[in-house]
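Engineer: Let me begin by handing over the structure; questions about it come next.
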Amino acid sequence: MNAHLIGIGSAVPEAVLTNADLEKIVDTNSEWIETRAGIKERHKSGDDEWVSDLAIKASQRAIENAKISPGELDLVICATVTGDTTMPSIASVVQYYVKAKNAAAYDLGAACPGFIYGMVTADAFIRSRMFRKILVIGAETTTKVVDYTDRSTCVLFGDGAGAVVISASNDDRGIISSHMGGDGSLGNLLYLPGMRGRVPVTLEKDPIPFYVKMAGNDVFKHAVKAMADSAAKVLDLAGCTIGDVKYLIPHQANIRIIDATARRAGFPMEKVLVNIERYGNTSSATIPLAMDEAVRDGRIQKGDLLLAVSFGSGFSWGAILFGWG
Ligand code: COA
């Protein structure tokens, strides 16, 4: 039994925060953000707009695109680290609003690679024949957890959600291979304190709770190596080459990370999906957002082989090779 992607959808808040807007909030300039990170603008949720709102919209679109009834879903997984509630899970909220009344639901917390981890989990459930149809969501409102006085982080992030429906099938062009990796010893290089406001690794109390803290340069170096290695692993596991892949879909954190990862992994930039200039880093949502755009504008066609790769807090990283449709 193989796991096939049969539907996709995404959603972003209407409001756009441009680099020029940020110049009025924090000591930065548009040119620095564009040249150092490749970002021109990002979407920002309003005070009354939450990650569950985006996750519901993206999921409704994915279910419609998959042409299934929500009652057919067996499981809803939402990858998020910015849930408007810790309990119930955002997946449970989605389950109710999309009327997936036969589905179990839970959240998955793996930061930026969360969406890939959700796909890997769905693949395992389907291969084991435990479930047949699974909704996997990546949804974040990162702009609610960045410190708008810290220019080294606040300019990078944006809000959004993307979702896919994954279904059991006998056809062998679904999810082909995957890889996940982690290194918890580097947790203090990129973190968002939880309820107790502690710094990972040292377990010291954090003086500024509830905001993303990041050592950008260190993250940069580790991200490039981990993503390039992970991409090579999934190709190797599948016995495929770069020539077989239509698009590399990398996590959109910084255009320079994307460039360096593609170069190291051997992918020419025309085979790399990039939309960071309009969305910034939406954490677990970057990959389904980029994929949904490319499906809707026809760049991705049924049967195309795609390789998604991501890296984030943990550190955690992963890659997945799959056919679309
Ligand atoms: N506007 C203007 N100047 C800024 C700035 C901003 N928003 N942010 C930082 N700077 C300044 C710094 O203060 C520093 O000034 P100094 O030389 O006078 O000290 C200078 O720019 C260079 O800073 P540096 O941190 O070396 O820049 P960089 O080229 O490494 O880019 C990041 C910084 C954060 C954009 C980059 O390291 C990065 O993208 N890292 C990965 C982050 C990420 O994507 N994390 C999530 C992964 S999931």
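Read-outs: derived from the displayed coordinates by stated rules, not from any lab. Fair warning: this is a prediction, and the values are worked out from it, not measured in the lab. Glycine also receives a Cβ, built like all others from the backbone with ideal geometry; neighbour counts cover every protein chain displayed.
Engineer: Rank these for me by crowding, Val94, Val81, going from fewest to most other beta carbons within 10 Å.
Structural biologist: With the sparsest Cβ surroundings first, the list reads Val81, Val94.
Engineer: Work out the length of the dipole vector of segment 175-323 about its Cα centre, built from +1 on the beta-carbon of each Lys and Arg and -1 on the beta-carbon of each Asp and Glu, and round it to the nearest 20 debye.
Structural biologist: On the way: 16 positive and 14 negative charges, 38 e Å.
I would put it at about 180 debye.
Engineer: Something else: Among DSSP bridges having both ends in the chain, what percentage is antiparallel? Round to the nearest 5.
Structural biologist: Roughly 70 percent of the DSSP beta bridges within the chain come out antiparallel.
Engineer: For a quick check: with amide H placed at 1.01 Å from N, whose amide H comes under 5 Å from Gly181's, ignoring anything fewer than 5 positions away on the same chain?
Structural biologist: Sorted by chain and number, the residues that satisfy this are Trp317, Gly318.
Engineer: Something else about it: Less than 14 Å apart at the alpha-carbon level, and either on another chain or at least 8 residues along: which aspartates and glutamates does that give for Lys246?
Structural biologist: Leaving aside aspartates and glutamates fewer than 8 places away in the same chain, those within reach of Lys246 are Glu270, Asp304.
Engineer: Relative to the present Cα-Cα distance, how much length would full extension add between Asp259 and Lys67 at 0.36 nm per residue of separation?
Structural biologist: On the way: separation 192, 0.36 × 192 = 69.12 nm, distance 3.60 nm.
Answer, rounded to one decimal: 65.5 nm.
Engineer: From the phi angles alone, apply the Karplus equation (6.51, -1.76, 1.60; θ = phi - 60°) to segment 72-88 and give each ³J(HN,Hα) in whole Hz, x where the residue is Gly or Pro.
Structural biologist: 7, 6, 9, 7, 10, 10, 10, 7, 7, 10, 10, x, 6, 10, 7, 9, x
Engineer: Same structure again: Below 19 Å, Cα to Cα, which aspartates and glutamates can Lys225 reach? Residues fewer than 8 away in the same chain don't count.
Structural biologist: Asp183, Asp236, Asp259
Engineer: Semi-axes, largest first, in whole Å: what does sqrt of 5 times each Cα gyration tensor eigenvalue give for the chain? Mind dumping the intermediate values first?
Structural biologist: Working: eigenvalues 162, 104, 71 Å².
Rounded to whole Å, the semi-axes are 28, 23, 19.
Engineer: Sticking with this one: Mind checking which lysines have their C-alpha under 29 Å from Lys205, skipping anything on the same chain fewer than 8 residues away?
Structural biologist: Correct list for Lys205: Lys144, Lys213, Lys221.
Engineer: Let me ask you something else. If I take every Cα pair under 8 Å that is 6 or more residues apart in segment 146-260, average their sequence separation and divide by the length, what percent do I get for the relative contact order? Walk me through the intermediate numbers first.
Structural biologist: Details: 88 pairs, mean separation 26.9, N = 115.
Reported as a whole number, the value is 23 percent.
Engineer: Under a Cβ-only charge scheme (Lys and Arg +1, Asp and Glu -1), can you give me the dipole magnitude of the chain about the Cα centre, in debye to the nearest 20? Write out the running numbers ahead of the final one.
Structural biologist: Values: 33 positive and 37 negative charges, 146 e Å.
The dipole magnitude comes to about 700 debye.
Engineer: To continue, here is another question. Kindly count the pairs of lysines across segment 1-95 whose alpha carbons are less than 24 Å apart, treating pairs on different chains or eight or more residues apart as eligible. Could you put the intermediate results ahead of the total?
Structural biologist: Numbers: Lys24/Lys40; Lys24/Lys44; Lys44/Lys57; Lys57/Lys67.
Counting lysine pairs in segment 1-95 gives 4.
Engineer: Take each of the peptides 162-175, 274-287, average the number of other beta-carbon atoms within 10 Å over its residues, and list them starting from the highest. Before the final figure, lay out each step's value.
Structural biologist: Values: 162-175: 21.4, 274-287: 26.4.
The densest-packed peptide leads the list: 274-287, 162-175.
Engineer: Expressed as an acute angle from 0 to 90° and rounded to the nearest 10, what is the orientation of the C-alpha long axis of helix 114-127 relative to the principal long axis of the chain?
Structural biologist: So the helix axis and the longest Cα principal axis differ by about 20 degrees.
Engineer: Can you run phi through the Karplus equation (6.51, -1.76, 1.60; θ = phi - 60°) for segment 282-293 and list ³J(HN,Hα) in whole Hz, with x for Gly and Pro?
Structural biologist: Here the 3J(HN,Hα) series is 9, 6, 5, 8, 4, 5, x, 5, 5, 5, 4, 4 Hz.
Engineer: Now for a separate question. Determine the gain in length on full extension of the stretch Ser152-Asn102; use 0.36 nm per residue of separation and subtract their C-alpha separation, reporting nm with one decimal. If you can, show how the numbers build up before the last one.
Structural biologist: On the way: separation 50, 0.36 × 50 = 18.00 nm, distance 4.41 nm.
Contour length minus Cα-Cα distance gives 13.6 nm.
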